[in-house]
Amino acid sequence: MQPLFVRIHESDNVGIIVNAEGVKPGAEFADGLIAAEAIPQSHKITLRDLGPGDAVLRYGAVIGHANRPIPRGSWVREALLDMPAAPALDELPLANATPADLPALEGYTFEGYRNPDGTVGTRNILGITTTVQCVAPTVDYAVQRIRAELLPRFPNVDDAVAVTHTYGCGVAIDAPGAAIPIRTIRNISHNPNFGGNPLVVSLGCEKLQPARLFSNDFPVLENNSIIRLQDEQGFEATVAAIMRAAETRLIKLDRRRRETCPASDLIVGLQCGGSDAFSGVTCNPAVGFAADLLVRAGATVMFSEVTEVRDAVHLLTARAASKEVALDLIREMRWYDEYLSQGQSDRSANTTPGNKRGGLNNIVEKSLGSVAKAGTTALKAVASHGEKVTAKGLVFAATPAGDFMCGTLQLASMNMHVFTTGEGSPYGLALVPVVKVSSRTTLAEKWPDLIDLDAGRIATGSATIQSIGWELFQLLLDVASGRRQTWAERWKLHNALTLFNPGPVT
């Protein structure tokens, strides 16, 4: 393959090496550029001479400043760059470039499960919520029994899933930070794929009592939906009680059938993990195009990960549907800045060794590629950590950037999930299907039974952002309908739920 690089914006003074084997010293590109040294795939090559203090431009934006001379054709490493400051939150544009609505996309549907609260599930799952980690092993044991002994009798039920977590006791339950894990558990318990109120398993003495988790007037507290371990006569009796309650619920769930629903009933969470320099070139822009299609079809699209938005926040506040929405986004950025500062850290701690191995030099470059998932439509709403998203269109749902926490908090709302990756991850969730999209063809070829869609074809010109976006859009409809399984579903790759608890532990 001829040496090839990708440049995103005409003002960029670096390009991304496309060749799977990288390039060797002396390799000559079509435009006459000659590699001054060996440069790995997905890493940056300078397109002109850079001097100390010169801005390094990618996506048409400054990702750093050269701290020494970098001759044309050189490999741009992290050590050669000084990271710029994050955009000042008090100086951001506020809804001054709100995009006009795109033409509506009509006639697209999927086969889903309608719920009494108006939401629609893409799967039909029995949910069992726990109020405290103490009961998790017992519930996990019961779920194994339910899957082996009960589910075969109920072919229309996809699975039984326990909402287990590390919260519930030993915490300052009245501290302001406690609101985040509590509302996250509450909202996950009403995930559209659970098809109604969950069973609840409590220990009995924990701080997070069922009445506090759901409130006294909530229907989940009725009809013997709560099992308290400390009220039962031993382990076997407890498991038997859980299984009896599960069987009663399974009878109802098994009567449910898929029906045709408009694409507007989809609530799709977007996330990236194991990102590389191609993520912002291939998979994330393609996801962004699919996000625009979903918004045009009336669906809800959530993007998240505060620290991976922070350095591109000025692009998003300008796109807000109103000044109020822009200020809501700034509020979440400021809260997280202060949270990191309290831990004597900042956004620079985000970038991982794998990100850097994949050519991402710093969080600025990573953020500019990450927000490509958000497409081009107006930002309609902002939700804080663990809040239930109710708005249609493009929504920012605040979460930490860690894969497991982000996915967990998005489960407060979503019924589908898209996960982009450059370095690779076997990530999956039990509550919703996870569609994994690779940034590079080499990853898709290495992991043919883990990656659902290869966006790396964009870099070599065998596909376009638009064609992959349409492919993803149709794949989402097929997976939502149960016509196709993701690889994570097939292998039952389910990461544990990981709550975000910024509150103190006692």
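So how many residues does segment 4-20 have that are within 17 Å of Asn361 (Cα to Cα), small (Gly, Ala, Ser) and in contact with a helix residue (DSSP H, G or I) (Cβ under 7 Å, 6 or more places away or on another chain)?
Selection size over segment 4-20: 0.
Condition first: farther than 24 Å from Ile125 by Cα, touching a helix residue (DSSP H, G or I) at 6+ places or on another chain (Cβ under 9 Å) and not aliphatic (A, V, I, L, M). Now tell me which residues in segment 449-472 satisfy that.
Residues satisfying the conditions are Asp449, Asp454, Gly456, Arg457, Thr460, Ser462, Thr464, Gln466, Ser467, Gly469, Trp470, Glu471.
Looking only at strands (runs of 3 or more DSSP E) that fall completely inside segment 355-428, which ones have 1 or more residues that are among the charged types (D, E, K, R)? I'd like the intermediate steps shown before the answer.
On the way: elements: 379-383, 393-397, 416-421.
Ranges flagged: 379-383.
Take Thr129 and tell me if it is under 18 Å from Gly204 (Cα atoms) and either at pLDDT 95 or above or surrounded by 24 or more Cβ atoms within 10 Å (Cβ to Cβ) (or both). Spell out how you get there, then give the answer.
Details: under 18 Å from Gly204 (Cα atoms): yes; either at pLDDT 95 or above or surrounded by 24 or more Cβ atoms within 10 Å (Cβ to Cβ) (or both): yes.
The answer is yes for Thr129.
If I filter segment 321-354 down to residues being in a helix (DSSP H, G or I) and hydroxyl-bearing (Ser, Thr, Tyr), which single residue comes out as farthest from Val301 (Cα to Cα)?
Checked segment 321-354; the qualifying residue farthest from Val301 (Cα to Cα) is Ser341.
Touching a residue at least 40 places away in the same chain (Cβ under 8 Å), over 21 Å from Ala86 (Cα atoms) and assigned to a helix (DSSP H, G or I) - does that describe any residue in segment 296-312?
Taking segment 296-312 as the starting set, the residues that turn out to be touching a residue at least 40 places away in the same chain (Cβ under 8 Å) are 296-312.
This time we only want the ones that are over 21 Å from Ala86 (Cα atoms), so: 296-302.
Of the ones still in play, those that are also assigned to a helix (DSSP H, G or I) are 296.
Yes; the residues of segment 296-312 include at least one that is touching a residue at least 40 places away in the same chain (Cβ under 8 Å), over 21 Å from Ala86 (Cα atoms) and assigned to a helix (DSSP H, G or I).
Table: residues versus (1) of a type in the set (Gly, Ala, Ser); (2) buried (at least 17 other Cβ atoms within 10 Å of the Cβ); (3) within 24 Å of the chain's Cα centre (by Cα); (4) over 19 Å from Thr248 (Cβ atoms).
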| residue | (1), (2), (3), (4) |
| --- | --- |
| Thr122 | no, yes, yes, yes |
| Ala136 | yes, yes, no, yes |
| Asp159 | no, yes, yes, no |
| Val171 | no, yes, no, yes |
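Is it fair to say Ala286 is under 30 Å from the mean Cα position of the chain (by Cα), buried (at least 16 other Cβ atoms within 10 Å of the Cβ) and assigned to a loop (DSSP other than H, G, I, E, B)? I'd like the intermediate steps shown before the answer.
Details: under 30 Å from the mean Cα position of the chain (by Cα): yes; buried (at least 16 other Cβ atoms within 10 Å of the Cβ): yes; assigned to a loop (DSSP other than H, G, I, E, B): no.
It is false that Ala286 is under 30 Å from the mean Cα position of the chain (by Cα), buried (at least 16 other Cβ atoms within 10 Å of the Cβ) and assigned to a loop (DSSP other than H, G, I, E, B).
Answer yes or no as to whether Pro99 is outside the structural domain of Asn361 (by TED's automatic domain parsing) and either free of Cβ contacts under 8 Å to residues at least 60 places away in the same chain or more than 26 Å from the chain's Cα centre (by Cα) (or both).
Details: outside the structural domain of Asn361 (by TED's automatic domain parsing): yes; either free of Cβ contacts under 8 Å to residues at least 60 places away in the same chain or more than 26 Å from the chain's Cα centre (by Cα) (or both): no.
The answer is no for Pro99.
Is at least one residue of segment 55-66 in contact with a strand residue (DSSP E or B) (Cβ under 9 Å, 6 or more places away or on another chain), outside the structural domain of Ser275 (by TED's automatic domain parsing), in contact (Cβ under 8 Å) with a residue 12 or more places away in the chain and part of a loop (DSSP other than H, G, I, E, B)?
no
Filter segment 188-210 down to residues that are over 24 Å from the mean Cα position of the chain (by Cα) and under 20 Å from His385 (Cβ atoms) and give me whichever is surrounded by the fewest Cβ atoms within 10 Å (Cβ to Cβ).
Among residues in segment 188-210 that are over 24 Å from the mean Cα position of the chain (by Cα) and under 20 Å from His385 (Cβ atoms), the one surrounded by the fewest Cβ atoms within 10 Å (Cβ to Cβ) is Lys207.
The values are calculated or read from the model by the stated rules, or taken from the named source; none is laboratory data. Predicted, not measured: the structure shown is a model, and the values here were computed from it. Every residue, glycine among them, receives a Cβ derived from its backbone with ideal geometry; neighbour counts consider all protein chains shown.
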